[in-house]
Amino acid sequence: MLVSRRAVVAMLLLTGLAALAHFSPLRLTTGLMVQNATDATRPVSQPDMALGLANANVTITEYASPTCPHCADFNAKVFPKIKAAYIDTGKVRYVFREFPRNIKDAACSMLARRIANGDSGKYFAVIDRVFRQQDELIEKTTDTLKLIGKQAGLSAQAVA
């Protein structure tokens, strides 16, 4: 790609005029980045699924993926301790947000929300079951999701 001398001079001239007019493209870009970083921590289309008191002094937000082995390990070994010591005692509000890395994760999230229908207790029960059946979920996604849905009272057609 060749850039002509005329194009370079025009860009420099426009940059100089913008500076004279106290318009900083850098300031505008930085402002957008800060706004987007702030927005990244807010849920966009799905309501939060949370356990614990809404007015707890501490809120823990977990971003997790149903097919992530580290997330499953955390769910099995660490989360029960946090729940017993902090969430169940009212010290912590625990927010779970889906972080889908692939289509299987997205399907798990949709199923969990469908089964829960806004009930956090049901939602966390489904998420726990998904993490505990992670190996089966990865190997036989459709069959495993249908089984989880059936155990929750959904028909095979409702899961598909």
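Any read-out appearing in this document is the output of simple, stated calculations on the displayed coordinates, not a laboratory observation. Since we're looking at a predicted model, the values are computed, not measured. Here Cβ is always computed from backbone atoms with ideal geometry, including for glycine, and neighbour counts include all displayed protein chains.
What the table below lists for this structure:
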read-out	value
Restraint check, LYS83/LYS140; LYS91/LYS140; LYS81/LYS150; LYS77/LYS104; LYS104/LYS150, Cα-Cα greater than 27 Å	LYS83/LYS140; LYS91/LYS140; LYS81/LYS150
For peptides 68-78, 142-152, sequence by mean Cβ density within 10 Å, most packed first	142-152, 68-78
Charge dipole (debye, nearest 20) of region 45-110; +1 at Cβ of Lys and Arg, -1 at Cβ of Asp and Glu	140 debye
Cut-off 15 Å between beta-carbons: net charge of the residues surrounding ALA106, Lys and Arg +1, Asp and Glu -1	+3
